[in-house]
1. Please determine whether any residue of segment 109-126 is acidic (Asp, Glu), over 18 Å from the mean Cα position of the chain (by Cα) and at pLDDT 95 or above.
2. Criterion first (loosely packed, with under 10 Cβ neighbours inside 10 Å and among the acidic types (Asp, Glu)) does residue 92 satisfy it?
3. I'd like to verify a number: residues in segment 58-79 that are of a type in the set (S, T, N, Q) and under 8 Å from the mean Cα position of the chain (by Cα), how many?
4. With the condition kept exactly as written, say whether any residue in segment 71-81 is buried (at least 18 other Cβ atoms within 10 Å of the Cβ) and either among the small types (Gly, Ala, Ser) or farther than 30 Å from residue 102 by Cα (or both).
5. What is the number of the single condition among (1) out of contact with any Phe, Trp or Tyr (no Cβ under 8 Å at 6 or more places or on another chain); (2) closer than 13 Å to residue 113 by Cα; (3) not aliphatic (A, V, I, L, M) that residue 74 does not meet?
6. I'd like the full set of residues that are within 12 Å of residue 111 (Cβ to Cβ) and either modelled with pLDDT of 90 or more or of a type outside the set (A, V, I, L, M) (or both), limited to segment 1-48.
7. Please give the strands (runs of 3 or more DSSP E) falling wholly within segment 57-147 in which 1 or more residues are hydroxyl-bearing (Ser, Thr, Tyr).
8. For residue 117, state whether it is of a type in the set (A, V, I, L, M, F, W, C) and closer than 22 Å to residue 4 by Cβ.
Amino acid sequence: MEEITVRIVSSHPGRAVPEYMSSGAAGLDLSASLDAPLIIDPGQVALVGTGVQVAIPPGYEGQVRPRSGLAMKHRLGILNSPGTIDSDYRGEVGVLLINFGSDPYTVNNDDRIAQMVVSAVPLVRIERVERLDPTERGSGGFGHTGQ
């Protein structure tokens, strides 16, 4: 397994930083960095800071994804999932939480609210052509193979 280094700056010493919660975890858990509890009402969206800035190496991205437990137990998700942290971004990592449930949800400081998966991304060269090579599927999409 390839290992890379992601540098992290925490704006609040002593607060949680991204970490793997098991030896086989693909994502590093991201925690809320809050001065007071935050209530997200049903149907509402909140930008929740993590208190960390990351330096993703060139050729990689950080993907901010929902935590399955929050989705299953509380119907809490991420609005722009997966969110992308580009390798040249140096601001605080934020998470757009949305409450899909019917009850208000309270986020507390250091609650694990999302996970970050660091993935390789190739540099893509765009080539304009007159037509694309045909495939068996063609232009069928959005359920064209059935339910």
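The values are calculated or read from the model by the stated rules, or taken from the named source; none is laboratory data. If you're wondering where the values come from, they're calculated on a predicted model, not measured in any experiment. Cβ sites come from the backbone with ideal geometry, for glycine too, and all protein chains shown count toward neighbours.
1. no
2. no
3. Residues flagged as of a type in the set (S, T, N, Q) and under 8 Å from the mean Cα position of the chain (by Cα) within segment 58-79 amount to 1.
4. Yes - at least one qualifying residue is present in segment 71-81.
5. Going through (1) out of contact with any Phe, Trp or Tyr (no Cβ under 8 Å at 6 or more places or on another chain); (2) closer than 13 Å to residue 113 by Cα; (3) not aliphatic (A, V, I, L, M) one by one, residue 74 breaks only (1).
6. 15, 29, 30, 31, 32, 33, 34, 37, 38, 40, 48
7. Those strands (runs of 3 or more DSSP E) span 60-65, 83-85, 105-107, 112-120.
8. Considered against the rule, which asks whether it is of a type in the set (A, V, I, L, M, F, W, C) and closer than 22 Å to residue 4 by Cβ, residue 117 comes out as yes.
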